[in-house]
């Protein structure tokens, strides 16, 4: 069964911890891996780490790169893979959170990279709430 691969790329250890937390919830996830970029890491070394991670989870369906913040080094590195014909289809979604990784882990073998990317993005947006609004909405 071929699934869209996933690479979570973030500042610090956030990527490792997000994938670890997702695995606590859904069990081991073989098609998703993490790359954590340290404050003092060389950009070319970090880019090579992302390239190696892509090759570990790559499938004929492509790889979705999830990054922590638009405009940050992890995203700037990730977008350099968008037009790389040597590694296959790539998409990048920024603003990664735990619900996004769980959604990526639960894809169907029939899903395309574009389908998965949109669903993962939508899941991330859908799971951001202001808790006080939720609690006060039932008091009217």
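The values are calculated or read from the model by the stated rules, or taken from the named source; none is laboratory data. Treat the numbers as computed from the prediction; the structure is a model and nothing was measured. Backbone-built Cβ (ideal geometry, glycine too); neighbour counts: all protein chains shown.
Go through (1) touching a residue at least 24 places away in the same chain (Cβ under 8 Å); (2) touching a strand residue (DSSP E or B) at 6+ places or on another chain (Cβ under 9 Å); (3) surrounded by fewer than 21 Cβ atoms within 10 Å (Cβ to Cβ); (4) not in a helix (DSSP H, G or I) for residue 60 and report which single condition fails.
Residue 60 satisfies all of (1) touching a residue at least 24 places away in the same chain (Cβ under 8 Å); (2) touching a strand residue (DSSP E or B) at 6+ places or on another chain (Cβ under 9 Å); (3) surrounded by fewer than 21 Cβ atoms within 10 Å (Cβ to Cβ); (4) not in a helix (DSSP H, G or I) except (2).
Can you pull out every residue in region 100-121 that is more than 14 Å from residue 5 (Cβ to Cβ), assigned to a helix (DSSP H, G or I) and out of contact with any helix residue (DSSP H, G or I) (no Cβ under 9 Å at 6 or more places or on another chain)?
Within region 100-121, the subset more than 14 Å from residue 5 (Cβ to Cβ) is 100, 102-103, 106, 108, 110, 114-115, 118-119, 121.
Now drop any that are not assigned to a helix (DSSP H, G or I), which leaves 100, 102-103, 114-115, 118-119, 121.
Within region 100-121, 114, 115, 118 meet the criteria.
Among the residues of region 74-88 satisfying the criterion of being out of contact with any strand residue (DSSP E or B) (no Cβ under 6 Å at 6 or more places or on another chain) and surrounded by fewer than 20 Cβ atoms within 10 Å (Cβ to Cβ), which is modelled with the lowest pLDDT? Break it down into steps so the answer makes sense when it comes.
Step one: filter region 74-88 for residues out of contact with any strand residue (DSSP E or B) (no Cβ under 6 Å at 6 or more places or on another chain), giving 76-77, 80, 83-88.
Filter again for surrounded by fewer than 20 Cβ atoms within 10 Å (Cβ to Cβ), leaving 76, 80, 83-88.
On the way: 76: 97, 80: 97, 83: 86, 84: 84, 85: 80, 86: 84, 87: 85, 88: 88.
Taking the candidates together, the pick is 85.
Suppose the filter is more than 16 Å from the chain's Cα centre (by Cα), under 25 Å from residue 12 (Cβ atoms) and touching a residue at least 24 places away in the same chain (Cβ under 8 Å); does residue 128 pass it? Walk me through how you get there before you give the answer.
Values: more than 16 Å from the chain's Cα centre (by Cα): yes; under 25 Å from residue 12 (Cβ atoms): yes; touching a residue at least 24 places away in the same chain (Cβ under 8 Å): yes.
In short, yes.
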